[in-house]
1. Taking the chain on its own, what percent of its Cα-Cα pair distances exceed 39 Å?
2. Report the FRET efficiency, 1/(1 + (r/R0)^6), for Thr208 and Asn173, where r is their Cβ-Cβ distance and R0 is 25 Å, rounded to 0.05.
3. In whole percent, what relative contact order does the chain give with Cα contacts below 8 Å and a gap of six or more residues?
4. Find, to one decimal place in angstroms, the Kirkwood hydrodynamic radius of segment 314-391, where the mean of 1/r is taken over every pair of different Cα atoms and then inverted.
5. Return a whole-number percent for the relative contact order of segment 162-267, with Cα pairs under 8 Å and 6 or more residues apart as the contact set.
6. Helix 21-38 versus the longest principal axis of the chain: what angle, 0 to 90°, nearest 10, using Cα atoms?
7. Counting alpha carbon pairs within less than 8 Å and at least 6 residues apart, what relative contact order, in whole percent, applies to segment 278-391?
8. Tilt of helix 118-131 relative to the longest C-alpha principal axis of the chain, in degrees (0 to 90, nearest 10)?
Amino acid sequence: MYCQVGAFGRDFIGMSSGMDVASLQKIRKYCAVLLGIWLVGCVDGGSKASQDKPKGPTVSVRQMELIQETLRTFPEGTEFSLGFIHDGKTHYFGARLVHGHSKEVANSDHLFEIGSITKVFTSTLLTSLVLEGQVRLEDPIQKHIGFRLGTAQEITFEQLANHTSGLPRMPSNLDLFEDPDNPYRAYDDQKMKEYLVNHLALNHPPGTQYEYSNLGAGLLGSLVAELSGSPYDEFVRDKVFSEYEMLHSTTDRTKIRGKLVPGLDPDGKETPNWDFDALAGAGAVFSSVKDLAKFGNAQFDSTDTKLVMTQQPTFIPNDEFKVGLGWHILNREDGKELLWHNGGTGGYSSSMALDVQSKQGIIVLSNVSAFHPFRSSVDQLCLSLMETLKK
């Protein structure tokens, strides 16, 4: 059994953070114990289940136990939307916690904030521009940014996408406590430029160290949008959502017409959605499990060059994982690898894992707050469900 979960999403802003070896070792031991507990959980009556691997619209007893025991960790009204990619088929399962019990719900086309999974789309926009010849991965961003950065050290587009730019997690002139219910709404292009010109301080030389940076991904989103000549929301719609028939996905909350699952705070109370401006490329997307499954299945197409480019290792922080462009590449004990990313905002947590070699995947969307003390259980559920797909 393999279980690996980075503590992505536990910082205040609720989006992914970095991994270290000590944390991974602790999580592996914890997951092994927790999985043993989950496997003896009770199955609520009325839910569909089969004894073995998923067939058609059903989930197995083992998968049901994992889902239900995880769901019961969270407050009343918590909702999971799950996608299973296996044996050339994709099926969905939804569950909501009602009076302490798991109730099956049809929510595969309902929208959730997906937080940092957005970064994979941002990197896909970058590879689109690379293939069009507009930019190279190794190009310094100083060639394209239009103003003088407050550092003489060159930062490349690749380094923004694989978190080796040296940029800090967040810009120092973003006050997350000014509007904690919607912390990114007021951070616009002018504020980001002011930081990059007057306050920029790199934590390490670019290209030498992995350090997760929401600022770096947000800056990358701003740069690729500028190079495309379109706002970020239009560029990602044209190059990702439309191309992969992700009909419900958007970065613009005003364009959502119903089917938005309310986000919950750690106490289970509804909490406001987050709006993004300059840092949209770091976490602005709303999506459904059905849309993300389409994107996941597209990752298995070896002829889709822009997606294949995002999957290639570009930096190896340690023996536990590699970093592609956007994707984190986790090493499994059977020698295979998983593409993985998660996300978290004030009212939501998400996790997505893909085995490209076996063409299998799990997607978990939820309205679990990134600030909930057991938020990492969403990642543990995703990776534990991946284990149930092994042939």
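Only the coordinates and a few stated rules stand behind these numbers; no lab work does. Not measured: the values here are computed from a predicted model. Methodologically, a virtual Cβ is constructed for each residue, glycine included, from the backbone with ideal geometry; neighbour enumeration extends over all protein chains shown.
1. 11 percent
2. 0.50
3. Details: 878 pairs, mean separation 97.0, N = 391.
Value for the chain: 25 percent.
4. Working: mean 1/r = 0.0762 Å⁻¹.
About 13.1 Å for segment 314-391.
5. In percent, rounded to a whole number, it is 31.
6. Taking Cα atoms only, the helix is inclined about 20 degrees.
7. Once divided by the residue count of segment 278-391, the mean separation gives 17 percent.
8. So the inclination is approximately 50 degrees.
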